[in-house]
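Read through the structure below, which is laid out as structure tokens, and then see the notes.
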Amino acid sequence: MDVATHRFDADAHARRIETQGYTVIEDFLDAPTVASVRQGLAPYLGSHHGRNDFEGFRTERVYTLVARGKVFEDITEEPRLMALLGRFLQPGFLLTASQAICIHPGETAQDIHVDDGFYRLPRPRPAISYTVIVAVDDFTAENGGTEIVPGSHLWTQAEIDARRDELEAMLTPMVIPSGAAVVFAGTLLHRGGANRSSRPRLAFTNQYCEPWGRTQENFYLGIPREQVAAMSPRLQQLLGYDVWPPFMGQVTASHPAKALEPGWVPPVVQQRPRQP
């Protein structure tokens with residue numbers, strides 16, 4: 001266990017999430033790791049701009065980030081993060097989304113939204129997913145840093161609707177340094193801010209959900225099995241190669257991790273009757 005992990009107070013961060021909906025891990029990544037993230041992202045930036053106003057027409061996105069390099073694998077299963085998320089999500093929780101986001105100058109602000117709204121259960125309720133946003137560049141109030149509405153994770157839908165005209169004035173910009181991470185409940189109102197600066201703002205985000213939830217990204221199709229087979233057992237589990245008891249996620253009555261073994265053939269292929 002490294003020094004940062006040893007001194008990390010997961011319970012204190014969890015209390016902040018419970019009361020205000022978010023917390024900030026100031027020292028989440030050190031400078032060498034941030035440099036590795038930049039290096040790992042460099043080949044992919046410039047390849048995918050947003051297709052709509054929500055993605056951002058002046059925003060670059062790199063999806064399935066967890067599979068883009070060892071540094072992203074390690075961050076996805078970072079021990080402090082796993083400890084904090086384990087305070088809220090059930091054992092066996094999953095990675096649901098993993099992407100880098102580079103907001104360029106002139107980008108407009110997103111609509112105010114929540115990240116787990118597609119789980120269509122009435123509010124107020126416990127969050128079904130939790131979001132981690134890591135600043136690669138410093139976040140400022142001018143460069144498109146994340147903006148949140150503190151405490152809104154506890155609101156009913158009626159309260160949100162009643163305050164719709166007031167929400168923008170209630171936003172708090174996350175002014176955090178490079179390497180810091182914001183962790184918040186999927187029920188918290190937030191948005192990506194407008195970039196009114198002269199430089200891009202680079203960040204990346206991982207989202208995690210309950211083990212019974214459908215994930216935003218289909219990692220079974222998005223990441224080749226041979227690549228997943230080389231990952232750690234913990235990361236394989238986060239990608240869904242596990243069973244949530246008693247049998248959710250089974251593959252023809254077998255554990256899905258068997259699909260990562262060399263030479264694995266789906267049982268429906270193995271069991272086909274021979275042609276006469």
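The values are calculated or read from the model by the stated rules, or taken from the named source; none is laboratory data. On a predicted model such as this, the values are computed, not experimentally measured, just so you know. So basically every Cβ, Gly included, is an ideal-geometry build from the backbone, and we count neighbours across all protein chains shown. These area figures cover heavy atoms from the full protein model, side chains too; ligands, DNA and RNA do not enter into them. Shrake-Rupley method; radii C 1.70, N 1.55, O 1.52, S 1.80 Å.
Determine which single condition Pro276 fails, assuming it passes every other condition in (1) outside any helix (DSSP H, G or I); (2) at pLDDT below 95; (3) open to solvent by less than 100 Å² (accessible area, probe 1.4 Å). With respect to (1) outside any helix (DSSP H, G or I); (2) at pLDDT below 95; (3) open to solvent by less than 100 Å² (accessible area, probe 1.4 Å), Pro276 is out only on (3).
For the condition assigned to a loop (DSSP other than H, G, I, E, B) and either over 19 Å from the mean Cα position of the chain (by Cα) or within 19 Å of Thr96 (Cβ to Cβ) (or both), Thr131 does not qualify. Here is the figure for region 255-270: residues that are out of contact with any Ser or Thr (no Cβ under 6 Å at 6 or more places or on another chain), farther than 16 Å from Ala230 by Cβ and open to solvent by less than 60 Å² (accessible area, probe 1.4 Å) total 3.
Tell me, which residue of region 48-59 that is among the charged types (D, E, K, R) and over 17 Å from Glu217 (Cβ atoms) is surrounded by the fewest Cβ atoms within 10 Å (Cβ to Cβ)? Even if it seems obvious, please write down each step before you answer.
Residues of region 48-59 among the charged types (D, E, K, R): 51, 53, 55, 58.
Of the ones still in play, those that are also over 17 Å from Glu217 (Cβ atoms) are 53, 58.
Details: Asp53: 13, Arg58: 17.
That would be Asp53.
Is it the case that some residue within region 11-27 is more than 24 Å from Ser152 (Cα to Cα), at pLDDT 95 or above and out of contact with any His (no Cβ under 9 Å at 6 or more places or on another chain)? Scanning region 11-27 turns up at least one residue that is more than 24 Å from Ser152 (Cα to Cα), at pLDDT 95 or above and out of contact with any His (no Cβ under 9 Å at 6 or more places or on another chain). For region 36-57, the count of residues that are more than 19 Å from Ile101 (Cβ to Cβ) and without any contact (Cβ under 8 Å) to a residue 40 or more places away in the chain is zero. With respect to the conditions (1) open to solvent by 30 Å² or more (accessible area, probe 1.4 Å); (2) more than 27 Å from Ser178 (Cα to Cα); (3) in a loop (DSSP other than H, G, I, E, B); (4) out of contact with any helix residue (DSSP H, G or I) (no Cβ under 6 Å at 6 or more places or on another chain), Tyr119 lacks only one, and its number is (1).
Of all the criteria given as (1) free of Cβ contacts under 8 Å to residues at least 60 places away in the same chain; (2) at negative phi, the one not satisfied by Ala181 is (1).
Take region 230-263 and flag every residue that is of a type in the set (Phe, Trp, Tyr) and in contact (Cβ under 8 Å) with a residue 12 or more places away in the chain. Even if it seems obvious, please write down each step before you answer.
Filtering region 230-263 for residues of a type in the set (Phe, Trp, Tyr) gives 241, 244, 247.
Listed by number, the residues that qualify are Tyr241, Trp244.
With respect to (1) in contact with a strand residue (DSSP E or B) (Cβ under 8 Å, 6 or more places away or on another chain); (2) polar (S, T, N, Q); (3) farther than 18 Å from Gly21 by Cα; (4) open to solvent by 20 Å² or more (accessible area, probe 1.4 Å), the lone exception for Thr172 is condition (3). Does region 197-211 include one or more residues that are in contact with a strand residue (DSSP E or B) (Cβ under 6 Å, 6 or more places away or on another chain), farther than 26 Å from Leu29 by Cβ and not aliphatic (A, V, I, L, M)? The answer is yes, given that some residue of region 197-211 is in contact with a strand residue (DSSP E or B) (Cβ under 6 Å, 6 or more places away or on another chain), farther than 26 Å from Leu29 by Cβ and not aliphatic (A, V, I, L, M).
Among helices (runs of 4 or more DSSP H) entirely within region 19-91, having at least 1 residues that are in contact with a Leu (Cβ under 6 Å, 6 or more places away or on another chain) and farther than 20 Å from Ala181 by Cα singles out no element at all. Any residue that is open to solvent by 100 Å² or more (accessible area, probe 1.4 Å), in contact with a helix residue (DSSP H, G or I) (Cβ under 9 Å, 6 or more places away or on another chain) and not charged (D, E, K, R) - is there at least one of those in region 230-240? Yes; the residues of region 230-240 include at least one that is open to solvent by 100 Å² or more (accessible area, probe 1.4 Å), in contact with a helix residue (DSSP H, G or I) (Cβ under 9 Å, 6 or more places away or on another chain) and not charged (D, E, K, R).
Tally the residues that are aromatic (Phe, Trp, Tyr) and either over 23 Å from Gln236 (Cα atoms) or open to solvent by 30 Å² or more (accessible area, probe 1.4 Å) (or both), restricting the search to region 65-115. So the count comes out to 1.
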